[in-house]
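Here the structure is laid out as structure tokens; the discussion comes afterwards.
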Amino acid sequence: MSGIKKGVGARITELRQLRGMTLSALARALKTSRTTVYRLESGAQPVNETWLERVANVLDFPITDLILTDVGGRIVVKFEADADRWVAHKELPIDDQFTIELPEETVTRQSFGVRVTGAGQANRLPIGSIGICRPIAEDEHLKHDKLYFVRESKDDKYRLSFKELKHDKEGRIWLSPPDPAPEYSAIPLNPSIAILGIVTGAYVQMDA
């Protein structure tokens with residue numbers, strides 16, 4: 001059987017590197033040999049549907065990310081995150097959205113940027129930085145201790161922020177501030193909260 005699409009092997013390489021994994025680490029996670037992973041990435045072995053699903057699960061990306069081409073590091077900043085502020089819009093107005101070039105970054109056509117404008121965020125996402133996110137697939141398993149971009153809703157207002165996801169012993173899901181502080185307590189996942197994306201990287205623009 002032929003591969004799903006030419007270039008999928010190269011895409012696996014890009015996403016593996018984005019996750020900071022070596023060939024050997026990916027091979028261990030897939031319970032296969034390093035040679036097999038090398039053959040998949042180089043195109044010597046076809047990437048069929050079974051391999052697509054296994055690799056996507058291990059790398060924690062939707063299958064569509066494996067068969068979409070990258071966009072050369074260009075990303076649109078569509079949101080602002082401020083855990084202290086409730087706003088009237090779900091995302092930035094079109095005229096306020098902007099595109100940035102990410103040096104040495106690999107992103108997909110689904111990826112988007114979030115500019116940090118206020119408090120309650122992680123130290124790795126200081127004010128002025130850009131959180132790089134990808135949308136969550138409908139059937140995607142939410143990962144413990146991963147950083148997510150979330151939207152809270154209340155009285156036609158929205159609060160956008162980054163939260164770490166936690167599972168407790170009873171299986172409940174909690175969203176915690178990345179930098180714990182008394183004014184930012186953990187909240188349970190509930191219908192008023194939408195998880196808009198998982199953080200895959202960050203970009204801090206240096207002053208000229």
Considering segment 4-48, residues that are of a type in the set (Ser, Thr, Tyr) and either assigned to a loop (DSSP other than H, G, I, E, B) or in the same structural domain as Leu147 (by TED's automatic domain parsing) (or both), and then whichever is nearest to the chain's Cα centre (by Cα), we arrive at Thr22
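Condition (residue is modelled with pLDDT of 80 or more and either outside any loop (DSSP other than H, G, I, E, B) or under 23 Å from the mean Cα position of the chain (by Cα) (or both)) applied to segment 62-73: is it met by at least one residue? Lay out the reasoning, then the answer.
Filtering segment 62-73 down to residues modelled with pLDDT of 80 or more leaves none.
Checking segment 62-73: not a single residue is modelled with pLDDT of 80 or more and either outside any loop (DSSP other than H, G, I, E, B) or under 23 Å from the mean Cα position of the chain (by Cα) (or both).
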Selection from segment 34-67 of residues touching a Gly at 6+ places or on another chain (Cβ under 8 Å), surrounded by 19 or more Cβ atoms within 10 Å (Cβ to Cβ) and small (Gly, Ala, Ser) yields none
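Could you list, in sequence order, the residues of segment 81-97 that are not hydrophobic (A, V, I, L, M, F, W, C) and not in a loop (DSSP other than H, G, I, E, B)?
Taking segment 81-97 first, the residues not hydrophobic (A, V, I, L, M, F, W, C) are 82, 84-85, 89-91, 93, 95-97.
Hits for segment 81-97 are Asp95, Asp96.
The values are calculated or read from the model by the stated rules, or taken from the named source; none is laboratory data. All of these numbers come straight from a predicted model, not from anything done at the bench. No Cβ is skipped: glycine too gets one built from the backbone with ideal geometry, and neighbour counts run over all protein chains shown.
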